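**Q** Input: one structure, supplied below.
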């Protein structure tokens with residue numbers, strides 16, 4: 001039986017799905033950036049290298065999570081919000 005092996009892709013700002021990933025990570029299923037009642041920006045971040053918000057989104061998108069995290073680490077994305085601050089152009 002011949003099974004084709006599908007390689008998962010690495011998420012980087014150059015990837016065609018980067019904008020979707022960034023929008024999802026910024027939005028309610030991710031860091032949930034929004035303004036509070038006083039007009040200040042609030043967001044949620046786990047603050048850890050685990051990056052559960054990004055991990056779930058990348059997994060849902062069928063991306064290679066570990067290799068994407070390697071890329072994020074090389075570009076200062078050590079937590080969910082740092083991916084947006086440091087990796088996203």
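**Q** Within segment 1-23, take every residue that is at pLDDT below 95 and exposed (fewer than 11 other Cβ atoms within 10 Å of the Cβ) and give me the one that is farthest from residue 76 (Cα to Cα). Spell out how you get there, then give the answer.
**A** Narrowing segment 1-23 to residues at pLDDT below 95: 1-8.
Applying the additional criterion that residues be exposed (fewer than 11 other Cβ atoms within 10 Å of the Cβ) yields 1-7.
Details: 1: 43, 2: 41, 3: 37, 4: 35, 5: 31, 6: 29, 7: 25 Å.
Across segment 1-23, the extreme among qualifying residues is 1.
**Q** Does residue 26 satisfy being at pLDDT 95 or above, closer than 20 Å to residue 89 by Cα, under 11 Å from the mean Cα position of the chain (by Cα) and loosely packed, with under 15 Cβ neighbours inside 10 Å?
**A** no
**Q** Another question, then. Pairs needed: first member in segment 32-57, in a loop (DSSP other than H, G, I, E, B); second member anywhere, at pLDDT below 95 and exposed (fewer than 10 other Cβ atoms within 10 Å of the Cβ); C-beta distance under 8 Å; at least 6 residues apart or different chains.
**A** That search, which allows pairs on different chains as well, returns 33/41.
**Q** Right, residue 52: out of contact with any strand residue (DSSP E or B) (no Cβ under 6 Å at 6 or more places or on another chain) and closer than 18 Å to residue 87 by Cα or not?
**A** Judged against the criteria, residue 52 is a match.
**Q** How many of the residues making up segment 58-82 are assigned to a helix (DSSP H, G or I) and either farther than 14 Å from residue 10 by Cα or out of contact with any helix residue (DSSP H, G or I) (no Cβ under 7 Å at 6 or more places or on another chain) (or both)?
**A** 11
The values are calculated or read from the model by the stated rules, or taken from the named source; none is laboratory data. Remember, predicted model here, so these are calculated numbers, not experimental data. All Cβ positions, glycine included, derive from the backbone under ideal geometry; neighbour counts span all protein chains shown.
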